[in-house]
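Q: After the structure tokens below, expect a handful of questions from me.
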Amino acid sequence: MVRAFLDDWAAVGEEIAAATDPPPPQTITLATATLFAPTLRRAAAEFAALTCCDVTVVPILNTRLGETITVSGLLMAGDAIDQLQAAGVGDLVVLPRVMFDHPDTISLDDLSPQDVANRLGRSVALADSLGDVWDALRGVSRVMFRPGIASGGSIDLRVLGDDAEQSAAHPL
């Protein structure tokens, strides 16, 4: 998985470098599990240099299942909210999409991405890669949640491919 992330980042980095009309810089907070944090920090530094954004990586400790559980798919949204509030967050908060791969597209502690956006008071995007972060920065992410909207309904977290027009992903 790390190799796929880094390969994808290489391609996205080229796309960002070639962008002729980049979006305005923002402060971005990337949350991830502790296992992936060192890899994400290195790539995020390169992303920040290319986009002129202030990017911070916040490793989230899994306090509910124990700190030896270090993968994003088992993170609790409550842990993310508490630790992100303590660390401080940027204009855009990015969470691992895999946190919400459970029935009804909620985290293991029954919170939705919309719940997280509302509790943090910040826009929240879900991402598998820095390409997804780039999409959120450009305003084209299909899994973006703005604060102040009531939670409800399910969202489509399928990977968007050639049939992206047919996806029922949460609209911007």
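Just so it is clear, none of the values below were taken in a lab; they were calculated from the coordinates. Bear in mind the structure is a predicted one, so any value in this text is a computation, not a measurement. Note that each Cβ is placed from the backbone with ideal geometry, even for glycine, and that neighbours are counted across all protein chains shown.
Q: Semi-axes of the equivalent ellipsoid for segment 1-76, please: Cα gyration tensor eigenvalues, times 5, square-rooted, ordered largest first, whole Å.
A: Semi-axes from the Cα gyration tensor: 27, 14, 8 Å.
Q: Here's something else I'd like to know. So how do PHE47, PHE5 line up by other beta-carbon neighbours within 10 Å, fewest first?
A: Details: PHE47 22, PHE5 17.
In order of increasing Cβ crowding within 10 Å: PHE5, PHE47.
Q: Between segment 86-143 and segment 1-80, how many Å separate their Cα centres?
A: So the two Cα centres are separated by 12 Å.
Q: In deg cm²/dmol, rounded to 500, what helix-only [θ] at 222 nm does the chain give when every DSSP H run of at least 4 residues adds -39500 (n - 2.57) and the total is split over its residues?
A: -11000 deg cm²/dmol
Q: Taking the Cα of ALA49, stepping 7 Å toward and past its beta carbon, and measuring to each backbone N in segment 10-29: which are under 18 Å?
A: In segment 10-29, the label zone of ALA49 (backbone N under 18 Å from the point 7 Å along Cα→Cβ) covers 10-19.
Q: When only alpha-carbon atoms count, how far does the chain stretch along each of its three principal axes, as whole angstroms with the largest first?
A: 42, 36, 29
Q: From the backbone phi of segment 96-104, what are the Karplus-calculated ³J(HN,Hα) couplings (6.51 cos²θ - 1.76 cosθ + 1.60, θ = phi - 60°) in whole Hz, Gly and Pro given as x?
A: Rounded to whole hertz, the list is x, 4, 5, 4, 10, 7, 9, x, 6.
Q: Under 13 Å from the 7 Å Cα→Cβ point of THR27, by amide nitrogen: which residues of segment 83-106?
A: Backbone N within reach: 85-93.
Q: Further question: Would you look at the GNM of the chain, springs on alpha carbons closer than 10 Å, and say which of GLY66, GLY78, GLY131 moves the most?
A: GLY66
Q: OK, next. Where Lys and Arg each count +1 and Asp and Glu each count -1, what net charge lies around ALA125 among other residues with Cβ under 13 Å from its Cβ?
A: With Lys, Arg at +1 and Asp, Glu at -1, the net is +1.
Q: I want to check the label-to-label distance for ASP91 and ARG64. Put each point 7 Å from Cα in the C-beta direction and report it in nm to one decimal.
A: If labels sit at ASP91 and ARG64, their model points lie 3.1 nm apart.
Q: Around ILE81, with a cut-off of 14 angstrom between Cβ atoms, what is the net charge of the other residues, counting Lys and Arg +1 and Asp and Glu -1?
A: Once all neighbours under 14 Å are counted, the net charge is -2.
Q: Still on this structure, I have one more. Report, by chain and number, residues whose modeled amide H sits under 5 Å from the one on VAL58, excluding near sequence neighbours (fewer than 5 apart, same chain).
A: Correct list: LEU30, ALA31, THR32.
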